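Heads up: the structure comes next, in structure tokens.
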Amino acid sequence: MAERMARGVFRTEAPVKIKSFAAVAGEKEGQGPLGECFDEVISDSHFGMDTWEQAESRFQLEAVSLALNKSGVHKEDIDVICAGDLLNQCIGSAYSMRELEVPFLGLYGACSTMAEGLLIASLLTDCGLAQNAAAVTSSHFSTAERQFRFPLSYGGQRTPTAQWTCTASGAAVISREGCISVVGGCIGRIADLKISDINNMGSAMAPAAADTIQRYLAATGTSPADYDFIVTGDLGRVGSPLLTDLLLKQGIDISAVHRDCGAMIFSPEQQDTNCGGSGCGCGASVLCGHFLPMLEKGELHDILFAATGALMSPMSLQQGESIPAISHLIHLRKD
């Protein structure tokens, strides 16, 4: 059983491993600096489907299928799959999971959902309720823009602090076998800086990431120097330096080891993506396409993956509410 180290912080005791993983990305993501890392790059944003929402479901299903094929685990052997996306009622995940016919936990943590899914899948495996579990998330530029901002046909201009929702998906199979261990994790707390600008999510999410990272380091008695990288989900080019500053005020310097998936996935100047990438598929695809392969090859030994999420909705923004944020963390180690 997992050991409680502090409130919301735990470490696993039974062998909990990432057995396999896969990342699928869209054409724009494939043209970015990490393009060669993805298992598959889909040039058709509709992925052969009638709507973008259906396409997002297919991205997610493709990522899960690739991860299962790599692991040799059949869908019938998956005890539970934790999946989420940005769409209302998580329809992207629901429609993709109906194809697999496996026990399904639908999650919504906005862009933090991949870390949340990995935490839950790992805990279910650790306590013996699952022999094989999986976590998957997805996002799609066109579905997110239509839901949270404006339809693409509106032609609205993007502000300098805006981020580009990634068309991508990442999936991982959790088991008792594999070469990457899930060492522990930290369940995030809501942080709210009273930011209400939907085009400045990096600033809204940075305090949540700072709180989660600080709590995990304190509970484990470790420092940033103990890790190869401390990876955040998608703070982008505005939120990343803010995170560093917030932690420095607490005497924690992560500048040498901090990497942000949103800042990594695009070349903002060449690809016109402003502050970088965002969306459930951003952190998931960079984790599964870039960082996990480096762990598997032994190029990295220890990383913290702290995905960040802005928990607003179209309704809350129309009502003038601020953007609450959260960050969940999972600690991964090469055996």
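The values are calculated or read from the model by the stated rules, or taken from the named source; none is laboratory data. Bear in mind the structure is a predicted one, so any value in this text is a computation, not a measurement. FYI the Cβ positions are ideal-geometry reconstructions off the backbone, even for glycines, and counts take in every protein chain you see.
Brief remarks follow.
- Test: residue in region 82-89 that is in contact (Cβ under 8 Å) with a residue 12 or more places away in the chain, closer than 21 Å to GLU177 by Cα and not small (Gly, Ala, Ser): yes
- Condition met for MET114 (buried (at least 17 other Cβ atoms within 10 Å of the Cβ) and either of a type in the set (Lys, Arg) or assigned by TED's automatic domain parsing to the domain that holds PRO15 (or both)): yes
- Neighbours by Cβ (under 8 Å, 6+ apart or cross-chain): first from region 315-335, within 21 Å of GLY188 (Cβ to Cβ) and part of a strand (DSSP E or B); second among the acidic types (Asp, Glu) and at pLDDT 90 or above: ALA325/ASP192; SER327/ASP211; HIS328/GLU116; HIS331/ASP302; LEU332/ASP302; ARG333/ASP302
Residue-by-condition table, conditions (1) within 20 Å of the chain's Cα centre (by Cα); (2) crowded, with 22+ Cβ neighbours inside 10 Å; (3) more than 30 Å from ASP211 (Cβ to Cβ):
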residue	(1), (2), (3)
MET1	no, no, no
SER20	yes, yes, yes
GLU29	yes, yes, no
GLU40	yes, no, yes
SER57	yes, yes, yes
GLY72	no, no, yes
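- Filter result (buried (at least 24 other Cβ atoms within 10 Å of the Cβ), of a type in the set (Gly, Ala, Ser) and in contact with a helix residue (DSSP H, G or I) (Cβ under 6 Å, 6 or more places away or on another chain)) within region 182-208: GLY185, GLY188, GLY202, ALA206
Condition check ((1) touching a Ser or Thr at 6+ places or on another chain (Cβ under 8 Å); (2) modelled with pLDDT of 95 or more) across all residues:
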{"site": "GLY279", "(1), (2)": "yes, no"}
{"site": "VAL286", "(1), (2)": "no, yes"}
{"site": "LEU300", "(1), (2)": "no, yes"}
{"site": "GLY320", "(1), (2)": "yes, no"}
{"site": "SER327", "(1), (2)": "yes, yes"}
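- Candidates SER65, SER20 - the one that is at pLDDT 95 or above, touching a helix residue (DSSP H, G or I) at 6+ places or on another chain (Cβ under 7 Å) and of a type in the set (S, T, N, Q): SER20
- Selection within region 196-216 - assigned to a helix (DSSP H, G or I) and at pLDDT below 95: MET201, GLY202, SER203, ALA204, MET205
- Any hit, region 164-177, residues being part of a loop (DSSP other than H, G, I, E, B), in contact with a Phe, Trp or Tyr (Cβ under 6 Å, 6 or more places away or on another chain) and more than 25 Å from PHE10 (Cα to Cα): yes
- Every residue from region 258-316 that is more than 18 Å from TYR216 (Cβ to Cβ) and aromatic (Phe, Trp, Tyr): PHE266
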